[in-house]
Amino acid sequence: MLMASPLASLPKEWQIWIEENLARSCEPSSMADVMVRDGRFDPRLAYAAIEQARGAPVRQSRPPRQHQALPEIDTSANTVLAGDRVVDILLSLKAPRIVLVGKLLADEECDALIHYAETRLERSPVVADRDGSNELTAYRTSRGAMMQRSETELVARIEARLAALVRWPVENGEGMQLLRYEKGNEYRPHYDWFDPAMPGPRKHLERGGQRVGTVVMYLSDVEQGGGTSFPDIGLQVQPKKGSAVFFANTDSFGEPDRKTLHAGEPVEKGVKFIATKWLRAGEYR
C-alpha cells in the first residue's frame, strides 16, 4: 500500500497556501510556524510538506522544533487591562506579530519621562558585529539615554504596566531607552534580534538570550514624518503620543523573524520622542 506524500496528505487549501507563500518567497520556517499554530499540524509533517513543495528532498528524520513561550498581547477584545491601565487595541497582525495599542501612557507620564531623561541624551550607538561594542553610525542619527530597570517610581510603574500588557516578566526586560529625533534624524532599516552567527551580537546573547520582543512607546506627537515602518510588509505606524507598537522579533520556535525589519523614518517637521523596551528570552543581567 502506497503512503500519501507529505504534501498530498494535507487538505487542498493548505497545499495551495504553501505554493502561494513559496511563490512570494516567504521563509519556510515562518510558514511551518503558521501551519503548526493555525492548522494544528505536526511540525514534522509541516516541514516535510514545505520541503517537498520546494523540490527539496524530504528529511523524515529531522527533529521537530519545540515551541517557546513569547511575550504576547491579548487581542481577543478591543481593549485589554495592562495592570493599572486599560489600553486600546488599534491594530493586530499575526505574522509577523505586530500590535498597535493606544492610551498606554498618560500625557503627564510622557512629559515626565522626557523631562527626566532629556538632560542625559547622547548620540545613539549600535552594536558592532565584530566585537559587540557600541559604535556610532550614519544610519542611526538620534540621541538617546539609557535608564536602569526601576530607576524611578515612574519607570518602575511603566515597566510593570508593560509586563502585564505583554505577559512577560519585568526581569526579562532590558533597561528603557529614551530617544529624541529632530528634523532629518532617522534609524534606517534594521533588526532588533541578535544574529548568533556574528561575534559581536553573540556576546549580547550571553546576558539574557535573544531579544524576543520590542515595545516602542511614543512620547510625543510629530507634525510630519517620524513613523515606524516595516518595509518588507508595507506597514507604517505614525507616532501618536501615549500609544505604542509591540512586535515579536522571533517566531514561536525562537528563530529570528526577518519580516520584522523596521526603521525609524526621518522626522520632517517637529521633534519625536520615544521610549524603547527590548524583551529578552531570559532574565536580563
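The values are calculated or read from the model by the stated rules, or taken from the named source; none is laboratory data. Note that the structure is predicted; figures quoted are calculated from it, not measured. In this analysis, Cβ positions are derived from the backbone assuming ideal geometry, glycine residues included, and neighbour counts consider all displayed protein chains.
Could you list all residues from region 253-276 that are surrounded by 22 or more Cβ atoms within 10 Å (Cβ to Cβ) and either assigned to a strand (DSSP E or B) or of a type in the set (A, V, I, L, M) (or both)?
Within region 253-276, HIS262, GLY264, VAL267, LYS272, PHE273, ILE274, ALA275 qualify.
For region 173-227, which strands (runs of 3 or more DSSP E) that fit wholly inside it have 3 or more residues that are closer than 20 Å to LEU113 by Cβ?
Answer list for region 173-227: 177-181, 211-218.
Among LYS103, LYS94, which is farther than 15 Å from ALA164 by Cβ, within 22 Å of the chain's Cα centre (by Cα), modelled with pLDDT of 85 or more and basic (Lys, Arg)?
Being farther than 15 Å from ALA164 by Cβ, within 22 Å of the chain's Cα centre (by Cα), modelled with pLDDT of 85 or more and basic (Lys, Arg) holds for just one of LYS103, LYS94, which is LYS94.
Test each condition in (1) under 23 Å from VAL80 (Cβ atoms); (2) touching a residue at least 60 places away in the same chain (Cβ under 8 Å) for VAL155 and report the one that comes out false.
Result: VAL155 fails condition (2) only.
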